[in-house]
Amino acid sequence: MPPIYRFAPSPNGFLHLGHAYSALLNFDRARQTGGRLLLRIEDIDATRCRPDYETAIYEDLAWLGIAWETPVRRQSEHLADYRAALEQLSALGLVYPAFESRAEIATLVAAREVDGPWPRDPDGAPLYPGAAKSLSADERSQLIASGAPYALRLDMAAACRRVAGLSWNELGEGPDGEHGIVPARPEAWGDVILARKETPTSYHLSVVVDDALQGVSEIVRGQDLFHATAVHRLLQVLLGLPEPAYRHHRLIRDEAGRKLSKSGRSTGLRDLRAAGLTPAAIRQLVGLG
């Protein structure tokens, strides 16, 4: 079977040079290996994703000369797939509802840090500090029935007890030069969120389900997602999904050394195009010329 690659942006802003680099790498790899390139629109965040951003994704990629297979998978159209995976994990006793708001979690972390630093995940966010796992089934049911908002979290300790010797095959390079067989340590992320009351999925859950359903065999993405691969490998094993190979690549950074981001309003490809740059110039800017 030919290898299958994918580029999976979220339509919550305009694509920038970092997206161009990742998309071009996937496109080039597919051409060089006789493989297939899929485009997936990760639009589960209904509050931030917009149709005009999605339209701009298609326009920018086509302008770069990137071709992809159709139809395009849009996550918002496949919530039942993620709900089924969540139910599978729930049946294993690995999912529980947590009812604290973000503000309440911040207060809990601050209280715990009176005695010293509270542990943080590889992205720098504090691990979940609440006690939702200690609630009884009746207490949980009453809170849900009352309409209280909640997040469905993975019981990381219980999940890790089910899986031993996790690793992945790194064909690229991690932030510290990691390559080859990399040990996976999902426990560093704590009890990650798998879904919320209003949305039956999260990035971690939907990405592993999508990659499996679409047959993605090699995942080419930025080093900012290198450590998250540990969570993805854990979910793949728990759900009985195939293991793809991973190829993490360097990040495109601004003059201050910060990675480009939509939230930081990094210059979009549409602006560079309007300024007269060509697709060949974009390739040179990202080091692919």
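Taking every DSSP helix (H) stretch of at least 4 residues in the chain, weighting each as -39,500 (n - 2.57) and dividing the sum by the residue count yields a mean residue ellipticity at 222 nm of -11000 deg cm²/dmol. For the residues 1, 156, a 1.4 Å probe over the protein chains yields an accessible-area ranking, largest first, of 1, 156. Each of 70, 85, 181 was placed along the dipole of the chain (beta-carbon charges, centred on the mean Cα), and the one lying farthest toward the positive end is 70.
In the P(r) worked out for segment 203-289, what percent of Cα pairs fall beyond 21 Å? Let's see the in-between values first.
Details: 1753 of 3741 pairs.
Every Cα pair in segment 203-289 considered, those over 21 Å come to 47 percent.
When the trypsin sites (Lys or Arg not before Pro) in segment 45-86 are filtered for DSSP coil states and for at most 16 other beta-carbon atoms within 10 Å of their beta-carbon, the remaining sites are 48. Semi-axes of the equivalent ellipsoid of the chain are 34, 21, 20 Å, computed as sqrt(5λ) over the eigenvalues of the C-alpha gyration tensor in descending order.
When only alpha carbons are used to place a centre, segment 51-100 and segment 1-16 end up 11 Å from one another.
For residue 125 and residue 63, the difference between the fully extended length at 0.36 nm per residue and the C-alpha to C-alpha distance is 18.7 nm.
Based on protein heavy atoms only, the chain ends up with 49 Å² per residue of surface accessible to a 1.4 Å probe.
What relative contact order, as a whole-number percentage, does the chain give when Cα pairs under 8 Å and 6 or more residues apart are counted? Answer for the chain is 24 percent.
Computed over protein heavy atoms with a 1.4 Å probe, the carbon and sulfur contribution to the accessible area of segment 1-123 reaches 54%. Directionally averaged projected area (segment 139-289, Cα convex hull): 12.6 nm².
The values are calculated or read from the model by the stated rules, or taken from the named source; none is laboratory data. Values in this document were obtained by computation on a predicted structure and should not be read as measured data. Methodologically, a virtual Cβ is constructed for each residue, glycine included, from the backbone with ideal geometry; neighbour enumeration extends over all protein chains shown. Surface areas here come from the heavy atoms of the whole protein model, side chains and all, with no ligands, DNA or RNA. Shrake-Rupley method; radii C 1.70, N 1.55, O 1.52, S 1.80 Å.
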